[in-house]
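Step one of this worksheet: look at the structure below.
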Amino acid sequence: MTSKKLKNNFPIFLENPNLVYLDNSATTQKPKKVLESLMNFYKETNANIHRGSCKIADNATNSYEEVRKKIANFINAKPQEIIFTSGTTDSLNISSEIIYYNALVEENSTIAVPYNAHHSLSLPFRRFFQNQIFYHKADEINSAIDIALITHVSNVTGEITNPNLIDAKIKVLDCAQSINKNLVDVTKLGVDFIAFSAHKMYGPTGIGVLWVKEDILSRCVPTRLGGGIVQKVDKNDLNFLDYPNAYESGTPNIAGVIGLGAAIDFLSEINFVQYLNDEITLKKYLLDKLKNFSSLDIFTDDHSPVGIVSVAHKKIHAHDIATYLGSKDICVRAGNHCAQILHNEILKVPATFRVSLALYNDQSDIDKLIEVLEEAIVFFS
Ligand SMILES: Cc1ncc(COP(=O)(O)O)c(C=O)c1O
């Protein structure tokens, strides 16, 4: 399917025909299938899961658990390794808690954090392992360490890190920007924890996934306690349910899970080999146009197929450019993209504006961006 045809699956573009949406690393737009699944869930089967005794509750429970299987299938995992969370940030926080409270590493363990880490990856771990953190470039780790935090795809430059090249007792992989490119196969990545969000893969906000290797999950106890996760509680003791349900305390985001299932259905119709080739072509088209501006510094990994390109003008602030573009219905993101350390230490600019591509973008989006970018530069010069 061409990007133009695909765009027709996204009601927001029908409602806003002039919208040029190039902020897909922040969140992607939602196809009709996902929107309908949310509406249908609330219309047809809204009930709490796992403890109801009526038909709609059974249906809700079955649909929820079916999505667990779909996700497992999508990333080549086992359903019992899939924990629903509220998003990547939540998944990474829970990973840090599981590792710390289950003493999977020793108190004084060293933890390696890449410069390109999103704050959601680094900060939860800094809380527990404050004095033993070292920052590094992705290819700089050559000796075994205790915990490696790894950014699968950088949300600033699109750089891909192969976690197999890093030697660590525990590896935590942030897949926020790789999941929607279908780059996540847990049997190939050789890691222990994986985190991602539904809203960056055409699904709803407020729902995400934490995958934990069964070897580890089977040795741990949950860190978020509450209703729905215990078999038996008395005044002195408690028994947890089996994983993964023991890790989903309280009423989960059932509608979100259903919407995520619809996003997976949508993605399973995409030919990713073709799509990534198209994204490489579109990224090259964008880069060729941007390189005509001598006033711009461009930060992207040319070798990565992922269309994430951050840009700084030598004189005009990224926020001014993004605001100008935004006033003409062109959405990009400005700032440090929750990667302040990368901006300060490596890119050496305080802020960039970021263009990030998704499967509905095409050359006409880039042409409009470039046209208005030229206007913005004249306006602020
Ligand atoms: C690489 C990366 N990690 C983590 C996150 C956090 O994701 P969320 O805000 O969905 O929790 C983002 C969001 O932009 C990201 O790009």
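Bear in mind these aren't lab numbers, they're just calculated from the coordinates by the rules spelled out. Everything numeric here is computed off the predicted structure, so don't read it as measured data. Positions of Cβ are generated from backbone atoms using ideal geometry, with glycine treated the same way; all protein chains shown enter the neighbour counts.
Candidate cross-link partners of residue 171 among the lysines, defined by an alpha-carbon separation under 27 Å and a same-chain spacing of 8 or more, comprise 69, 70, 78, 137, 181, 188, 200, 213.
How big, on average over all directions, is the shadow cast by the Cα convex hull of the range 299-381, in nm²?
For the range 299-381, averaging the hull's shadow over all directions gives 5.7 nm².
Structural descriptor for the chain: relative contact order 22 percent, calculated from alpha carbon pairs under 8 angstrom and at least 6 residues apart.
Taking only the C-alpha atoms of the range 244-359, Rg followed by Dmax gives 18.3, 56 Å.
Taking only the alpha carbons of the chain, we obtain Rg and Dmax values of 21.6, 71 Å in that order. For the range 135-225, the extents of the C-alpha atoms along the principal axes are 39, 36, 24 Å, listed from largest to smallest.
Just so you know, the Cα atoms of the range 85-140 work out to an Rg and Dmax of 11.3, 32 Å.
In a shell of Cβ-Cβ distance under 12 Å around residue 27, excluding residue 27 itself, what net charge do Lys and Arg (+1) and Asp and Glu (-1) give?
Details: positive: 30, 200, 333; negative: 23.
Neighbourhood net charge equals +2.
Volume per residue for the range 227-304 equals 212 cubic angstrom (convex hull of Cα atoms).
So which aspartates and glutamates pass the test for residue 348, namely a Cα distance under 13 Å, with those fewer than 8 places away in the same chain ruled out? Cross-link targets: 297.
Please compute, over every Cα-Cα pair in the range 1-121, the percentage with a separation greater than 26 angstrom. Every Cα pair in the range 1-121 considered, those over 26 Å come to 48 percent.
Beta bridges assigned by DSSP with both partners in the range 33-267 are antiparallel in approximately 45 percent of cases.
Against the chain, whose longest principal axis comes from its Cα atoms, helix 119-128 is set at around 40 degrees.
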